[in-house]
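First comes the structure, then the notes that go with it.
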Amino acid sequence: ALAARPAGLPADGTLLVLPLRDPADPKRSPRALYAKAVALDAVVLLTLRRLEAIELELTAAAGGPARHAIRELAAPGEARTTLRQEPEGWQRAYAVRDGEHLYEGGGRDPGRPDRTRVMVGVRLDEAGTPRPLDDGAPTIYSYLPTAEHSGLRVFVQGHFDVPVDRERIAPEADWNRWLLSHVPAQLARVAA
């Protein structure tokens, strides 16, 4: 059954309410789940194009109060965008370019896409100078971060073929090699 939308929230937008099976379980307590959600990489606001913000609240009844929000400050599709975290207020700027590509290699299984947008994002400092991503930061996204590292210090987003655990991409897959072949052109567009 659908739960009623909590009072005081806007009527539009998507709201996820996650019921807890066992709030006393330390790994699944409200505070532990909140901490995991807060640790989500902010770049997902760029790779999940239809999201404009992620807002999290831990109520007093669940061990809070605590609040965390990440917002994209530029319109999607612009060459430069900034992510802002609240309430601390940190900001991270990125130069981002993407383009849609049609796969003409054939042999895709039914239900698999034959096109994808390939996005490359470069972190910028306060002066707009490119800076490498932090060591250990995700660099390959298939909408959500994978544990795969490209060796580049920029992030790459595409509709990669990934296994169920979403931790890596299959480097031997023709689709993934084709997708990665478009990264240099997008990187050149960022630099232009």
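A cut-off of 5 Å between modelled amide H atoms, ignoring neighbours fewer than 5 places along the same chain, links residue 117 with 101, 159.
Which GluC sites (Glu not before Pro) in the stretch 137-192 sit in a loop by DSSP (not H, G, I, E or B) and have at most 10 other Cβ atoms within 10 Å of their own Cβ? Numbers along the way, then the final one.
On the way: sites: 148, 167, 172; in loops: 148, 167, 172.
Qualifying residues, ordered by number: 172.
Using just its DSSP H runs of length 4 or more, each adding -39500 (n - 2.57), the chain gives a mean residue ellipticity at 222 nm of -4000 deg cm²/dmol after division by all residues.
By its C-alpha gyration tensor, with a ≥ b ≥ c as the square roots of the eigenvalues, how is the stretch 36-129 shaped: rounded for a/c under 1.5, else prolate for a/b larger than b/c, else oblate?
Details: a/c = 3.54, a/b = 1.57, b/c = 2.26.
Cα axes put the stretch 36-129 in the oblate bin.
Tell me the carbon and sulfur percent of the accessible area for the stretch 66-163, rounded to whole percent, probe radius 1.4 Å. Don't skip to the end; give the middle numbers.
Details: 2380 of 5080 Å².
Here it works out to 47 percent.
Looking at the chain, identify the longest residue range that excludes and avoids all trypsin sites (Lys or Arg not before Pro) in DSSP loops having at most 12 other Cβ atoms within 10 Å.
Working: sites that count: 21, 27, 50.
Longest run free of exposed loop sites: 51-192.
If you compute Cα extents along the principal axes in Å for the structure shown, which of (i) 54, 37, 26; (ii) 53, 45, 33; (iii) 40, 39, 32 do you land on? It is the value labelled (ii).
Under a 1.4 Å probe, what is the accessible area of the chain per residue, stated in Å²? For the chain, the per-residue accessible area is 63 Å². Loop-located GluC sites (Glu not before Pro) across the stretch 47-124 with a Cβ neighbour count of 15 or fewer within 10 Å are 52, 78, 88, 104, with loop assigned by DSSP.
Computed from label points 7 Å out along Cα-Cβ, the spacing between residue 28 and residue 149 is 3.3 nm.
Rounded to 0.05, the FRET efficiency of the residue 164 and residue 102 pair, given R0 = 35 Å and the Cβ-Cβ distance, is 0.85.
For the residues 73, 16, 56, a GNM of the chain with alpha-carbon springs under 10 Å puts the largest fluctuation on 16.
The values are calculated or read from the model by the stated rules, or taken from the named source; none is laboratory data. Because the structure is a prediction, the values reported are computed rather than measured. As a convention, Cβ positions derive from the backbone with ideal geometry for all residues, glycine included, and neighbour counts pool all protein chains shown. Ligands, DNA and RNA are stripped out before the accessible areas are found, and what is left, the full protein with its side chains, is counted by its heavy atoms. Shrake-Rupley method; radii C 1.70, N 1.55, O 1.52, S 1.80 Å.
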